[in-house]
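The next block holds one structure in the form of C-alpha cells; read it before the comments.
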Amino acid sequence: MPFQTKITRARWVLGPFTAEDMQTIGNVLVDSISARIRKAVNVNDAAARPLKPGRNGHRGYPEYKAARGLQPFRDWFWTGRTMRSLKVKSASENRVVIGFVDPNADRIAHVNNLRERQFGVSPRDRLALNAIVLAVLKQERVVRVAKAA
C-alpha cells in the first residue's frame, strides 16, 4: 500500500493556507531537496565531499558504485530506496513535516547526514519555498476564520 500523507485539522483556523496547500508546499520542497541531493550538493549549495576511495588494494565505495553503473559521488543513491522514501509525512494548516517514511531509509539518511549535511533547506531550496508560498498566496481566495470540529 503506498504511503498516504496524514492531513490533520486545527481547532481554530486563521490564515490563508489549508492543509492541502501546505501539502503542495511540502511536495515542492521535497522535490527541491531531492533534486539537490541527487546532484551531490550539500545544504550550503556547495559540492558535496567526494566519497572515500579504497585503501590497501581494496575497492572503496566509489569503485563499487561505478561497477554497478552508478555515479561515484555522494548522491545517496544505491538502490533508490532512501530517496524514494523522502515524502511529506504530515500536513496541517499550521505546518508541514517532510522526512523519510521508511525506518531503514530514515536511519541511512541520518548516518549520511552526519557524514555531510545534505538533508535540510539550502538557500536555493528556500528560494523555491518562497516562490511556491507566494504562488499559493496569490491564488484568489478569502482568508477564512472557522472553528474546526
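Rule-based calculations on the coordinates, nothing more; no lab input. Fair warning: this is a prediction, and the values are worked out from it, not measured in the lab. Please note: Cβ atoms are built from the backbone with ideal geometry, for glycine as well, and neighbour counts cover all protein chains shown.
List of remarks:
- Which label in [x] 53, 35, 22; [y] 67, 32, 24; [z] 43, 29, 26 gives the computed Cα extents along the principal axes in Å: [y]
- Listed from fewest to most Cβ neighbours within 10 Å, the set Arg117, Arg74 follows the order Arg117, Arg74.
- Tilt relative to the chain, helix 123-138 - C-alpha long axis, 0 to 90 degrees, to 10: 20
- Each listed q (0.20, 0.21, 0.27 Å⁻¹) maps to a log10 I(q)/I(0) for region 60-140, found by the Debye formula over equal Cα scatterers with no solvent: -1.04, -1.09, -1.32.
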